[in-house]
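Here the structure comes first, spelled out in structure tokens, and everything after it is commentary.
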Amino acid sequence: MIFLALLAGAFYLFVLPDLSASATVTYDSYTATRGSISNSLSFSGSISVVNSETMTAEAAATVRKIYVAEGDSVVMGDKLMRLSDGELFKADFDGEVNEISVEEGDEVSANDSLVQIVDFTNLQVSMRVDEYSVSDLSVGEACTITVTALDASFDSTITHINRISSGGNSTAYYTVTAEFLGTENVLPGMQVTVTIPE
């Protein structure tokens, strides 16, 4: 028993100091940086086109000549279609032939849809902003539009604030519009988030 006590005492005196002497403490160093806390407003909306036109026949006639095909790019003034009564349809803006509803030789009646031209580059987003936030916004204010499905962002500015409210039982909502230049894979109807720095 005495032997065990002496052995334990020797262990604490001679072995433990060596163990503790070999242990080292290390620290990772970091450089502190100054930052700022920024707040922003965020709203949901959907994409629509700024320019779209569906051309219709003024009177009953026959489709004499179609100058374009669906998917063609056109510039303002390009010929699109001619009817037998001499009516000639031209593009009123730069865009794309989205749909042709007739074929050469078809008989058409007054107000029949013939051809649709859409500008898929100049796009806009409309969002509903509640009465508590609309006073914080102004025309010309910068914002960022993020297309949810594509995870792509575009710089934009607020172009219009409708001052007449729409919908809502207890809270008034106002339509705010922002315009931006889209890319080929950005399509009307896609959902977006609009972020506006405060």
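The values are calculated or read from the model by the stated rules, or taken from the named source; none is laboratory data. Keep in mind that this is a model prediction, so the values were computed, not measured. Glycine also receives a Cβ, built like all others from the backbone with ideal geometry; neighbour counts cover every protein chain displayed. For the accessible areas, the whole protein counts, side chains as well, though only heavy atoms, and no ligand, DNA or RNA atoms are used. Shrake-Rupley method; radii C 1.70, N 1.55, O 1.52, S 1.80 Å.
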**Global geometry of the range 52-198, whether rounded, prolate or oblate, following the gyration tensor of its Cα atoms and the 1.5 cut on a/c** = prolate
**Solvent-accessible heavy-atom area per residue, rounded to whole Å², over the range 120-198 at 1.4 Å** = 56 Å²
**Complete:** Length gained, residue 153-residue 112, 0.36 nm per residue minus C-alpha separation, equals 10.9 nm
**Request:** Assign one of three labels to the range 106-182, namely rounded, prolate or oblate, based on the Cα gyration tensor with a ≥ b ≥ c the square roots of its eigenvalues; rounded applies when a/c is under 1.5, prolate when it is not and a/b is larger than b/c, and oblate otherwise.
**Result:** oblate
**Asked** Once amide H atoms are built 1.01 Å from N in the peptide plane, which residues 5 or more positions from residue 159, or in another chain, come under 5 Å H to H?
**Response** 140, 177, 178, 179
**Request:** Starting with the highest mean, order 145-155, 187-197 by the number of other Cβ atoms within 10 Å, averaged over the residues of each peptide.
**Result:** 187-197, 145-155
